[in-house]
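Asks: If you scroll down you'll find the structure; I have some questions about it.
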Amino acid sequence: MSLLEVIGVTHTYAGSRLFRRAGRQTPVLTGVSLSIEQGMGLGLLGASGAGKSTLGRVILGLERPRQGQVLFQGQDLYRADASTRRQLRRDLQAVFQDYTSSVNPRMTAGQIVGEPLENYERLSARELHRTVGELLERVGLKAEDARKYPHQFSGGQLQRISIARAIALKPKLIVLDEAVSSLDMVNQTNILALLGDLKSIFGLSYLFITHDVKAAYSISDALAVMEKGALIERCGDKDQLFSSPHPVVNKLISSVLSEHPRYRSLASSSNPS
């Protein structure tokens, strides 16, 4: 049994008021099916508007699809009872692109990271303080940073805080939606290395949603590609995706401007290694 199975998911949004009168709706996902195994990182590539983030929200239980199923640990996310959904939610976490809106500016880093622990665990104040400090250190910050507020951190540090919160409950799967795209190159590299380390240490599974071919390649075991709401390519061996790239993949590759001349042949070689 796969950790996550998405089966024939279709989703639409209502169109403009004019079209809504005629019952017109805009399709954003069309019959999408994919699976993720325990300990696997799946990179989901696609240009802006391809439907990647909508699929992520559906998988997280934030938007009910019009058709199809989302099975997480064998349970239908949208048909499970409230108690089961609460348990599933514990094992399914997210890190989003906008790290500033992902954290409450009135809460300290310690409160932000400790919030899921307070919701799901029965820890004493001393245990909570110790666990939060360990989580902050795990993501490359200091335990004493727990006393600081979001405005006292850089963007890269805030994303580390978001990651610490996401791993606090030792989840099975983390959905990373453009989690490094708003960071500079140095912070991107550091966060990707951190995510790779956490995956190895905790056996985490990732759905890494991005338009960045290099980032997806560096952290993922397998790659999939979306275009216009449909899954158009899926490769269990990520190198296969570049042996005869789909036009969408070629377009994403050609958009990469590498920081080093060695990688600027990416588009011509079609291999991001």
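Asks: Straight-line reach from Lys214: which lysines have Cα under 21 Å away, leaving out those fewer than 8 places along the same chain?
Replies: Lys52, Lys199, Lys238, Lys251
Asks: Quote to one decimal, in nm, the extra length available between Ser2 and Asn250 on full extension: 0.36 nm per residue of separation minus the C-alpha distance between them.
Replies: 86.3 nm
Asks: Compute the signed sum of charges (Lys and Arg +1, Asp and Glu -1) over the other residues within less than 13 Å, Cβ to Cβ, of Ile59.
Replies: Residues near Ile59 contribute 0 overall.
Asks: Cα gyration tensor of the chain, axes a ≥ b ≥ c as square roots of the eigenvalues: rounded (a/c below 1.5), prolate (a/b > b/c) or oblate?
Replies: oblate
Asks: Counting only DSSP beta bridges with both residues in the chain, what percent are antiparallel, rounded to the nearest 5?
Replies: In the chain, approximately 50 percent of DSSP beta bridges are antiparallel ones.
Asks: Give me the one-decimal nm value for the distance between modelled label points at Met185 and Ser124, 7 Å along each residue's Cα-to-Cβ direction.
Replies: 5.0 nm
Only the coordinates and a few stated rules stand behind these numbers; no lab work does. As the structure is a computational prediction, the values presented were derived from the model and not from experiment. Positions of Cβ are backbone-derived with ideal geometry, glycine not excepted, and every protein chain shown enters the neighbour counts.
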